[in-house]
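Here the structure is laid out as structure tokens; the discussion comes afterwards.
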Amino acid sequence: MFDKLIDFLIEFLDDAKFWFFVREWEKCVLLRAGRFHKEYPAGLYFKIPFLDEPNLELITLTTNSLPPQSLTTKDHKQIIIRAAISYYTEDPTKKMLEIYDSSDVVSDLTQGVIKKIVVDTDYINLILPEVERTLTVKVRDTLRKYGIYTDRVTITDLTLSKSFRIFNDTIESVV
């Protein structure tokens, strides 16, 4: 009970302040009465208590490892592929106002682009550097509309795999 009271008091005192800091590795999107007002770079700024809500966005390079995907290549080889993506926030206003969870959006959209490229490529060609360049360009084009700049997409693991699909917990053979 007291922990909720303490959290409430801390939040109240934070809202009551008439200033805020933006650090060198952040940008701030200021909402006034719930609407976009202005974007601020690093520095000390004043705000209207209880009316202005500063939202800080990291603008430094971030790298995420993507979960493995089980896919089939153009030459019908079943593979498991893992990748990593390096990106940073280019436009914090777009990122904040257009997407809810940026790490999920980055992961999901990147995996979708990887799938499109893998199903149109032969297994032996997936190790070529052009594939990673193509991945990076396509992911960059996809994420840029959300204010995120893709620095690089790297395939970290590529393995041939046998895959069996079981439907309704039974294996049926076709005669």
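Just one of the listed residues (Leu97, Leu61, Leu30, Leu44) is touching a residue at least 24 places away in the same chain (Cβ under 8 Å), under 23 Å from the mean Cα position of the chain (by Cα) and farther than 30 Å from Ile117 by Cβ, and it is Leu30. Of the residues making up segment 35-49, just one is surrounded by 12 or more Cβ atoms within 10 Å (Cβ to Cβ), within 11 Å of Val22 (Cβ to Cβ) and out of contact with any Phe, Trp or Tyr (no Cβ under 9 Å at 6 or more places or on another chain), namely Glu39. Scanning segment 93-116 turns up no residue that is assigned to a loop (DSSP other than H, G, I, E, B) and touching a Lys or Arg at 6+ places or on another chain (Cβ under 9 Å).
Taking segment 92-104 as the range and being open to solvent by 30 Å² or more (accessible area, probe 1.4 Å) and either at pLDDT 95 or above or in contact with a strand residue (DSSP E or B) (Cβ under 6 Å, 6 or more places away or on another chain) (or both) as the test, only Met96 passes.
Figure legend. Inter-residue proximity from segment 109-127: first residues open to solvent by less than 30 Å² (accessible area, probe 1.4 Å), second residues among the basic types (Lys, Arg), beta-carbon distance below 9 Å, spacing 6+ or different chains. Indicated pairs: Val113/Lys138; Ile117/Lys138; Val118/Lys74; Thr121/Lys74. Against the test of being within 30 Å of Arg35 (Cα to Cα) and surrounded by 15 or more Cβ atoms within 10 Å (Cβ to Cβ), the options Ile148, Ile81, Ile85 yield a single qualifying residue, Ile148. The set of residues in segment 151-175 that are of a type in the set (A, V, I, L, M), open to solvent by less than 70 Å² (accessible area, probe 1.4 Å) and either at pLDDT below 90 or within 24 Å of Glu57 (Cβ to Cβ) (or both) contains only Val153. Of (1) surrounded by 11 or more Cβ atoms within 10 Å (Cβ to Cβ); (2) more than 30 Å from Ile80 (Cβ to Cβ), Leu66 satisfies all except one. Which? Checking Leu66 against (1) surrounded by 11 or more Cβ atoms within 10 Å (Cβ to Cβ); (2) more than 30 Å from Ile80 (Cβ to Cβ), the one that fails is (2).
The values are calculated or read from the model by the stated rules, or taken from the named source; none is laboratory data. This is a predicted model, so every value here is computed, not measured. So basically every Cβ, Gly included, is an ideal-geometry build from the backbone, and we count neighbours across all protein chains shown. Ligands, DNA and RNA are excluded from the accessible area calculation, which covers all protein heavy atoms including side chains. Shrake-Rupley method; radii C 1.70, N 1.55, O 1.52, S 1.80 Å.
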